[in-house]
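Just below is one structure, and these are the notes that go with it.
A short reminder: the numbers here are calculations on the coordinates, not readings from a lab. Not measured: the values here are computed from a predicted model. Cβ: placed from backbone, ideal geometry, glycine included. Neighbour counts: every protein chain shown.
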Amino acid sequence: MTLLSVSNLSVRFKQHHQDLAALLDISFSIQPGERVAVVGESGAGKSILGYAITNLLPGQGYIAGGSVRFRGHELTSLSRREWRTIRGHRIAMIFQDMMMSLNPVLTVGDQMVEAIQSYRKVSYHQARQLAIETLQQVRIRTPEQCFYQYPHQLSGGIRQRVIIAIVLLLKPELIIADEPTTALDVTLQAEILHILKEICERNQVALLFISHDFGVISRICERTLVMYAGKIVEQGPTLGIINDPQHPYTQGLINALPQMALPGQPLNQIEGNMPSLTARPSGCAFHPRCPYALSQCRYLTPEFIYTGVSATACFVIEKMQTFNAESEVDHDTDI
Ligand code: SF4
């Protein structure tokens, strides 16, 4: 059975007498144990998607349409009480701001024991043993010492491992990780990604990994959703998209990777900026920045088409497919 199924999800924000669209018509699914990335620049709506799935939309945000099903059960209509049995336990979250995720006045051990005893009737001694084993699983070399430390006594890399350990204790079926390694240096980032991937594989936990960085997601996710201005514009296998990006926005993101710049040359950039919620362009929202924009892109919204690499919403791809199909017909007729 599909683990998470998001269909035509729309999210809006009420702001200064305006009702602004933040997510439009988002559809995708995640199978048990599958690792899926959501990628896009800041302001694309990636984090809002994570908050919408977990019913944690900030401020005046609300779900304006569509559905979010978890193992077939609709999440958008759950009560707060029902959410308490799902959030953290069956769907867990890891955020970028590690200090916000840990209680600064409790030791790591106290927080882990509390997490274990929230769903299992075990003694403190048994919970402590399980906590230490889990700290070992996330490759903390001195788990006993870590157990008695406070969050402020730990380095950023260890704090992030502790958070992963606490999440693991709750045995979730899905982890939503929002830029979990952005604040870490490159070496620590690689280690944490490796641990997260290994743990998901070993425990058959699915992952929705939110990031702005294609380099990061290529190491951990099998499938990728590319988001722009609150919409998914391309989705498919991560390696296929990285090796042969179809949508002009995805092409721009991949071209902007540091490894794509020529030696001694500045990094490539996508001209312009992500539009704000109040200034979403009509038609294909990417048209003001798109080097291939056609006149119809300004007022029509492209539908998804399958390219063989991914599902892509772009008129140019659609035209190319039509052209190729017509050429093949002409060619057959000639023969
Ligand atoms: Fe560019 Fe038009 Fe394709 Fe949008 S639909 S990405 S504007 S070519």
What is the local net charge at CYS290, summed over the other residues whose Cβ is closer than 11 Å to its Cβ (Lys, Arg +1; Asp, Glu -1)?
-> +1
Cα centroids of segment 278-324 and segment 59-92: how far apart, whole angstrom?
-> 32 Å
Among the trypsin sites (Lys or Arg not before Pro) in segment 26-99, which ones are in a DSSP loop with at most 16 other Cβ atoms within 10 Å of the Cβ? Mind listing them?
-> ARG71, ARG90
From the Cα centre of segment 164-228 to that of segment 14-31, the distance in Å is 24 Å
Residue order, fewest to most surrounding Cβ atoms within 10 angstrom, among VAL316, VAL38, VAL68 | VAL316, VAL68, VAL38
Which residues make up the longest stretch of the chain that has no chymotrypsin sites (Phe, Trp or Tyr not before Pro) in a DSSP loop with at most 11 other Cβ atoms within 10 Å?
-> 149-298
What is the antiparallel percent of DSSP beta bridges lying wholly in the chain, to the nearest 5?
-> 60 percent
Surface/4 of the Cα convex hull for segment 218-279, nm² = 5.1 nm²
Expressed in whole Å with the largest first, what are the equivalent ellipsoid semi-axes of segment 147-225 derived from the C-alpha gyration tensor as the square root of 5 times each eigenvalue?
-> 21, 16, 10
Residue-averaged 222 nm ellipticity for the chain, from DSSP H runs of 4+ at -39500 (n - 2.57), nearest 500 | -10500 deg cm²/dmol
May I ask you to list the GluC sites (Glu not before Pro) in segment 227-321 that are in a DSSP loop and have at most 14 other Cβ atoms within 10 Å of their Cβ?
-> GLU271, GLU303
Nearest-ten-degree value, helix 315-334 long axis tilted from longest Cα axis of the chain | 50 degrees
Largest-first semi-axes in Å of the equivalent ellipsoid built from the Cα gyration tensor of segment 183-240 are 21, 15, 10
Vicinal HN-Hα couplings computed from phi for segment 291-302 (Karplus, 6.51 cos²θ - 1.76 cosθ + 1.60; Hz; Gly/Pro x) | x, 10, 4, 9, 5, 5, 4, 6, 10, 10, 9, x
Can you tell me the dipole magnitude for segment 2-117 around its Cα centre, using point charges on the Cβ only (Lys, Arg +1; Asp, Glu -1), in Debye to the nearest 20?
-> 280 debye
So what is the relative contact order of the chain, in percent, for Cα pairs below 8 Å that sit 6 or more residues apart?
-> 19 percent
Relative contact order (percent, whole number), segment 174-291, Cα cutoff 8 Å, 6+ residue spacing = 18 percent
Percent breakdown of C-alpha pair distances by 10 Å bin, ordered from the shortest bin, for the chain | 5, 23, 30, 23, 12, 4, 1, 0, 0
Nearest 10, in degrees from 0 to 90: the angle of helix 186-203 to the longest Cα principal axis of the chain is 80 degrees
Dipole moment magnitude, nearest 20 debye, segment 103-250 about Cα centre, only Lys, Arg, Asp, Glu C-beta charged | 400 debye
Positive end of the charge dipole of the chain (Lys, Arg +1 and Asp, Glu -1 on Cβ, about the Cα centre): tell me which of ILE158, TYR299, ILE220 has its Cα farthest that way.
-> ILE158
For LYS197, list the lysines whose Cα falls under 27 Å from its own Cα; do not include residues on the same chain fewer than 8 positions away.
-> LYS46, LYS171, LYS231
With Cα coordinates, the longest principal axis of the chain makes an angle with the long axis of helix 156-169, in degrees rounded to 10, of 80 degrees
The aspartates and glutamates whose Cα lies under 16 Å from the Cα of LYS121, excluding any fewer than 8 residues away in the same chain, are ASP110
